[in-house]
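The values are calculated or read from the model by the stated rules, or taken from the named source; none is laboratory data. Only a predicted model underlies this, so the values are computations on that prediction, with no experimental measurement involved. Here Cβ is always computed from backbone atoms with ideal geometry, including for glycine, and neighbour counts include all displayed protein chains.
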Amino acid sequence: MTALDTRGNPRGNCYTPPVTQGADRILDDAWLALDRGQAGRARMLARRALKDGRYGPEALHVIGRAFLDEGDGREAAAHLEKALAGGGDSPDLHYDLGLAFELLGREKDKMRAFLEVLARDPGYDRDLPAWLDEDRLVAVAEAALEELPEGMLSRLGPVPILVEDRPERQLVEQGFDPRALGLFDGPPWSCQGLTGPALNRIVLYRVNIGAASRSEEEAAEEVRITLLHELAHFFGIEEDGMEALGLA
């Protein structure tokens, strides 16, 4: 069972703080710095915003995210837990905390955080555009499968493609990412043998794909690229091999 990909933290800022003496704009700049990969700058700006007590949870979230982006799970978890203790409760905060716990190998804590995301995301997803309906999602996935070399496609066999809104709770309880774009359900080819069973099914998570995209074209390309990459990994092909096959 393999996640197709995750949508990361695409909703942006879930907080709606009161407008005060520029702290809101400072935090807007901090989130933008994170989007640009400027973790140090984001952390500096968020520490400035901490002077406004009403922005404490969001500022701590930014600092935690900055540490998370740098791969420092310990500092990330510490700041994100402070944000929760201070009243932060957005699904993005719980998601980032789950990722920090994953870096630290705290699987039970990660699962609890991810379950909070699964419970809270629907409240934020109501107004998200559904870029691709079920039929279009399946058509994009089927077209992507046709791009595979003939030998890989024949070994893959017929694969049902299903569309669901988001991962089921049972999967998340096993540590599955609640914001995954899709699911490959089946053992890797290397574990099946030449005469073993084909991949069981592919599940696309419609709402998650919509949240990770800004247009219908972007949603379609997200599905295509991710599907091809993960299928290549399913067959044990590394990045160089994917480029040679035109799948990168």
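Could you identify the single residue in 25, 48, 11, 54 that is under 30 Å from residue 168 (Cβ atoms), surrounded by fewer than 19 Cβ atoms within 10 Å (Cβ to Cβ) and at pLDDT below 95?
Going through 25, 48, 11, 54 in turn, just one is under 30 Å from residue 168 (Cβ atoms), surrounded by fewer than 19 Cβ atoms within 10 Å (Cβ to Cβ) and at pLDDT below 95: 11.
Looking at (1) farther than 19 Å from residue 162 by Cα; (2) at pLDDT 70 or above; (3) among the polar types (S, T, N, Q), find the lone condition where residue 192 falls short.
(2)
Quick check on this structure: which one of 60, 93, 97, 84 is in a helix (DSSP H, G or I), under 23 Å from residue 36 (Cα atoms) and in contact with a Pro (Cβ under 9 Å, 6 or more places away or on another chain)?
It is 93.
Surrounded by 21 or more Cβ atoms within 10 Å (Cβ to Cβ) and of a type outside the set (S, T, N, Q): is that true of residue 93 in this structure?
So residue 93 fits the description; yes.
Taking the condition of being without any contact (Cβ under 8 Å) to a residue 40 or more places away in the chain and of a type in the set (Gly, Ala, Ser), how many residues in segment 133-154 meet it?
The qualifying residues number 3.
This table checks each residue for (1) within 14 Å of residue 224 (Cα to Cα); (2) assigned to a helix (DSSP H, G or I).
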position	(1), (2)
130	no, no
138	yes, yes
141	yes, yes
148	yes, no
153	no, yes
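Which residues, taken from segment 199-248, are assigned to a helix (DSSP H, G or I) and modelled with pLDDT under 70?
Applying the first criterion (assigned to a helix (DSSP H, G or I)) to segment 199-248 yields 206-211, 216-234, 239-244.
Result: 233, 239, 240, 241, 242, 243, 244.
Within segment 112-128, take every residue that is assigned to a helix (DSSP H, G or I) and hydrophobic (A, V, I, L, M, F, W, C) and give me the one that is nearest to residue 177 (Cα to Cα).
If we filter segment 112-128 for residues that are assigned to a helix (DSSP H, G or I), which is where we start, we get 112-125.
Still in the list and also hydrophobic (A, V, I, L, M, F, W, C): 113-115, 117-119.
On the way: 113: 10, 114: 7, 115: 9, 117: 10, 118: 9, 119: 13 Å.
Filtering first and then ranking leaves 114.
Return only the number of the condition from (1) in contact with a His (Cβ under 8 Å, 6 or more places away or on another chain); (2) not assigned by TED's automatic domain parsing to the domain that holds residue 55 that residue 145 does not satisfy.
Evaluating residue 145 over (1) in contact with a His (Cβ under 8 Å, 6 or more places away or on another chain); (2) not assigned by TED's automatic domain parsing to the domain that holds residue 55 leaves (1) as the failure.
Could you figure out which of (1) over 26 Å from the mean Cα position of the chain (by Cα); (2) in a helix (DSSP H, G or I) isn't true of residue 33?
(1)
Keeping to segment 100-111, report how many residues are part of a helix (DSSP H, G or I) and surrounded by fewer than 16 Cβ atoms within 10 Å (Cβ to Cβ).
First pass over segment 100-111, keeping only residues part of a helix (DSSP H, G or I): 100-104, 107-111.
Among the residues that remain, those that are also surrounded by fewer than 16 Cβ atoms within 10 Å (Cβ to Cβ) are: 104, 107-108.
Final tally of qualifying residues: 3.
So, in segment 113-159, exactly how many residues are among the charged types (D, E, K, R), modelled with pLDDT of 75 or more and surrounded by 16 or more Cβ atoms within 10 Å (Cβ to Cβ)?
The number of residues fulfilling the criteria is 4.
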